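Comments concern the structure below.
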Amino acid sequence: VFPPELRFATAKLFNRLFNCFSSYCYFDITEIDGVNTNELYNAVQVYLSSSASVAGSRLSLTRALNSSAFTFGLSNNDRLVDTFRGATATWEHVVTQRQAQTFSWRPLPDEKRGFTLRIEKKDKPLILQAYLDHIMDTANDIRRRNQDRLLYTNSRGGAMDSRGHPWESVPFKHPSTFDTLAMDPSKKEEIMADLRDFAEGNAFYQKTGRAWKRGYLLYGPPGTGKSSMIAAMANFLGYDIYDLELTEVHTNSELRKLLMKTTSKSIIVIEDIDCSINLTNRSSKKPPNEPPSEFRAGPGARTGPDDATANSITLSGLLNFTDGLWSCCGSERIFVFTTNRIEKLDPALLRSGRMDMHIFMSYCSFPALKILMKNYLGFDDGELDGEEDGLLKQLEEVIDEAEITPADVSELLIKNRRREKREAIKELLEVLKSRRVEKKKPGSRSAAARKKRLNEELEEEEEEEEEEQEKRALESPKDGGEAMDMCNGKEGGEKGDEN
Ligand SMILES: Nc1ncnc2c1ncn2[C@@H]1O[C@H](COP(=O)(O)OP(=O)(O)OP(=O)(O)O)[C@@H](O)[C@H]1O
Ligand SMILES: [Mg+2]
């Protein structure tokens with residue numbers, strides 16, 4: 001009977017009257033807020049899944065991509081009552097058919113979904129904010145528990161996906177754990193305790209005014225378990241891993257954007273940092289009393305052989321990444337850098353606060369060997385103790401001098417794992433003995449001598465490179481000058497930004 005305008009006005013009036021006299025207030029949480037997905041909607045859905053499994057009579061069941069668990073949810077237009085700090089909250093899942101498709105850059109779903117929260121007006125100032133925070137936290141926890149962990153990579157370079165994400169991810173299923181990791185048990189225990197303290201240290205970091213992050217530098221020869229250690233850390237803490245490929249990052253601001261798109265409770269890894277960008281010691285060619293380039297301001301800042309030639313991402317950019325204000329845009333994050341040559345790294349990168357713990361992954365020691373024997377051949381603790389032929393004792397005598405990596409030992413054990421256990425060990429012992437003899441030959445160099453020679457070779461290479469650059473600059477002064485000016489302009493601008 002009523003014309004539509006009148007009908008609308010009457011409904012509005014009734015609504016107002018109802019709201020005035022009702023002791024409840026209502027909050028609509030729609031799935032899509034304008035064009036963006038409403039994070040709170042997703043969080044409520046996940047949160048209610050924890051109580052719905054117990055209370056609801058009609059439930060929807062879902063299993064997310066990459067997830068190994070099922071979640072329950074409220075069915076369409078169903079209700080559920082929850083309590084928080086003594087107050088009652090009633091949730092209703094409201095699903096309505098969307099009217100004619102309005103113009104939108106992205107197609108909207110046919111159904112309009114949302115949750116309506118009803119709480120008493122008197123409870124609103126007391127619980128609303130805390131309740132919503134509680135929902136977000138619980139939802140994140142449930143997601144983490146249900147979702148398999150992810151391994152992210154920035155292999156697309158700076159390109160973003162349709163949701164504006166620069167990271168690509170795959171489920172992370174590395175089976176390495178601290179149990180399977182072969183290293184000294186005391187060292188292992190120390191690292192685990194450190195990780196545990198970190199994960200439980202929210203209050204401590206708040207109290208001391210420190211950003212909730214920690215840096216680990218893993219260094220040692222190839223095949224000593226650096227990557228396995230990272231996987232073990234992720235499995236131990238239940239964190240995602242962001243494997244940052246620095247060679248795919250072109251500018252400092254790109255690096256910052258990548259950092260901003262990482263989540264909390266994650267490990268950000270840069271493998272082989274010495275090979276990724278030119279991080280040679282900046283003080284080598286610097287005139288005395290001149291501050292290091294990262295502290296210099298103005299147009300000449302952050303240029304020079306170490307900073308802006310080979311790659312436009314600079315050491316300062318990387319330092320800011322791990323330690324600057326931007327590094328705190330999330331919390332509970334671990335930075336792990338790995339290198340085979342710690343001496344190649346700039347001291348600024350190694351200082352406390354950036355890399356809090358330096359972990360040397362050494363050649364296979366005797367305790368580490370026992371762990372590998374247990375993993376690969378199934379030896380129990382003490383199984384070989386007190387043997388007449390003293391296999392264990394012989395292994396202990398030769399292992400250090402053989403300077404063999406856990407990776408090499410693993411390979412040998414895998415090869416012989418079908419043989420009888422003791423035969424496999426004897427074979428390993430033979431290999432270790434022959435390696436020891438090889439190392440002792442007059443022509444063969446000791447580890448220290450090899451390391452020294454390697455350093456000398458690196459220094460020679462660097463000097464040659466610098467000479468080459470100087471020569472090129474002299475040959476084409478005009479071109480070189482222009483190139484340097486352009487570079488200065490760009491880099492100076494970025495530095496100004498960061499300052
Ligand atoms: N400490 C270790 N404990 C258990 N397994 C190990 C250990 N070190 C190496 N391995 C075995 O050797 C293989 C190579 O190890 P990993 O990739 O962790 O070495 P890495 O130190 O990262 O080497 P690189 O410096 O070349 O990257 C792994 O598959 C792992 O099974
Ligand atoms: Mg590795």
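We did not get these values from a lab; they are worked out from the coordinates using the rules stated. Quick caveat: nothing in here was measured; it's all calculated off a predicted structure. Here Cβ is always computed from backbone atoms with ideal geometry, including for glycine, and neighbour counts include all displayed protein chains.
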query = Points 7 angstrom from Cα along the Cβ direction at Ser264 and Ile414: gap in nanometres?
reply = 3.9
Pairs from Lys188/Lys374; Lys124/Lys261; Lys213/Lys374; Lys122/Lys265; Lys124/Lys207 whose Cα-Cα separation, in the structure shown, is over 26 Å = Lys124/Lys261; Lys213/Lys374; Lys122/Lys265; Lys124/Lys207
ask   = D for region 165-254, whole µm²/s, Stokes-Einstein with Kirkwood Rh over alpha-carbon pairs at 10 °C and 1.306 mPa s: what number?
value = 103
Theoretical gain in end-to-end length, Thr177 to Gln206 [0.36 nm per residue, Cα-Cα removed] = 7.5 nm
ask   = Mind ordering 188-195, 318-325 by average Cβ neighbours within 10 Å, highest first?
value = 318-325, 188-195
note = Using the Kirkwood formula on alpha carbons, the hydrodynamic radius of region 366-440 in angstrom works out to 12.4
R0 of 60 Å, Cβ-Cβ distance Glu383-Phe8: FRET efficiency to nearest 0.05 = 0.10
ask   = For the peptides 115-121, 267-273, 351-357, 366-372, what is the packing order when you average, over each peptide's residues, the other Cβ atoms within 10 Å and list the highest mean first?
value = 267-273, 366-372, 115-121, 351-357
message = How much length would be gained if the chain were fully extended between Phe18 and Asp137, taking 0.36 nm per residue of separation minus their Cα-Cα distance, in nm to one decimal?
response = 39.5 nm
request  = Please go through the residue pairs Lys393/Lys421; Lys344/Lys433; Lys187/Lys426 and name each one whose alpha carbons sit more than 21 Å apart in this structure.
outcome  = Lys344/Lys433; Lys187/Lys426
query = For labels at Ala159 and Ala193 in the simple 7 Å Cα→Cβ model, what's the distance in nm?
reply = 4.9
query = Hey, with R₀ at 45 Å, roughly what FRET efficiency would Glu463 and Ala407 work out to, going by the Cβ-Cβ distance, to 0.05?
reply = 0.85
